[in-house]
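Undergrad: Have a look at this one before I ask anything.
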Amino acid sequence: MSSNSRSVSKFVTNDIVALITSGGSGIGLMATQSLVVNGSKVYITKEKLDRVLERYSKDIPGEIVAIPADVTSKESIQKLIDEISSKESKLDSLINNAGISSVKQNTDQEDPKELQQELFHNTSKVSDWEDVMRTNMMQLFFVATASYPCSHHFPYNASKAAAIHLTKMLAHEIADSGAKIRVNNIAPGVFPSEMTANESDDKQKSSLDKEKYEGKVPAGCPGKDEDIAGAVLFTVSNQDLNGQSIVVDGGCVLATGSV
């Protein structure tokens with residue numbers, strides 16, 4: 001065990017059983033070391049696990065247990081959790097550390113056409129986005145819920161959080177290229193639509209019962225057409241607005257505490 005890991009041996013965690021995905025290198029290994037030198041039993045997933053065990057599992061008060069697993073596969077995740085469950089009566093800590101980077105894109109072009117060429121035509125592939133999202137986001141949900149089942153609109157909400165951040169990134173890069181283009185995001189709460197009402201009439205309009213939302217959000221009702229209209233007109237016409245998320249949700253964020 002390295003001297004760096006010895007320096008964090010200030011806490012007693014000998015009753016903790018932990019799982020750290022990709023716990024055999026980088027930040028994951030740092031987390032593994034910090035726990036095992038304080039007496040924890042840590043399950044890790046990572047390639048080259050034999051090397052990790054040979055180098056870091058000797059002369060420590062805790063224990064490192066290596067289990068090969070693909071955290072982008074639900075079947076592999078379930079097998080991982082089943083194996084741990086067969087050996088342990090509890091799992092105290094889960095550290096979802098696994099992650100990959102994406103292809104680096106050159107955003108230094110000053111010409112908007114050249115920036116578009118780089119971002120859209122040269123380096124961006126759908127598979128790149130899928131690989132990164134599968135490893136960096138989806139596995140967080142699947143490993144966590146395999147360890148502790150729960151349910152809500154997680155994929156939808158996570159995608160919207162990503163959209164908010166992507167808005168800021170695009171606004172920055174496009175502005176930096178010199179293009180006179182603004183990028184903003186309208187984040188609506190509950191509005192009548194086929195998504196929320198599961199139907200629409202012959203005018204392609206949907207409706208929601210106001211009573212369902214009384215007491216749930218400060219506005220006490222779902223959004224209306226004019227609410228979205230006001231947000232759209234404001235966003236389109238305000239030339240000083242760039243890189244912003246316009247939240248039109250009747251105070252839903254205030255009620256739920258999410259951002």
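The values are calculated or read from the model by the stated rules, or taken from the named source; none is laboratory data. Keep in mind that what you see is a predicted model, and the values were worked out from it rather than measured. Cβ: placed from backbone, ideal geometry, glycine included. Neighbour counts: every protein chain shown.
Undergrad: Quick test for you: out of Ile27, Ile64, Ile60, Ile20, pick the one residue that is modelled with pLDDT of 85 or more and closer than 24 Å to Arg134 by Cα.
TA: On the way: Ile27 fails: modelled with pLDDT of 85 or more; Ile64 fails: closer than 24 Å to Arg134 by Cα; Ile60 fails: closer than 24 Å to Arg134 by Cα.
After applying the criteria, what remains is Ile20.
Undergrad: Moving on to the next point. Just checking, how many residues over region 12-63 are within 20 Å of Glu83 (Cα to Cα), of a type in the set (Val, Ile, Thr) and in contact (Cβ under 8 Å) with a residue 40 or more places away in the chain?
TA: 5
Undergrad: Going through Asp240, Asp249 one at a time, which residue ends up being closer than 24 Å to Ala161 by Cβ and not small (Gly, Ala, Ser)? It would help to see each step written out before you state the result.
TA: Numbers: Asp240 fails: closer than 24 Å to Ala161 by Cβ.
Selected residue: Asp249, the only one of Asp240, Asp249 that is closer than 24 Å to Ala161 by Cβ and not small (Gly, Ala, Ser).
Undergrad: Oh, and also: Give me a count of the residues in region 216-259 that are touching an Asp or Glu at 6+ places or on another chain (Cβ under 8 Å) and within 19 Å of Asn184 (Cα to Cα).
TA: Adding up the residues that qualify gives 1.
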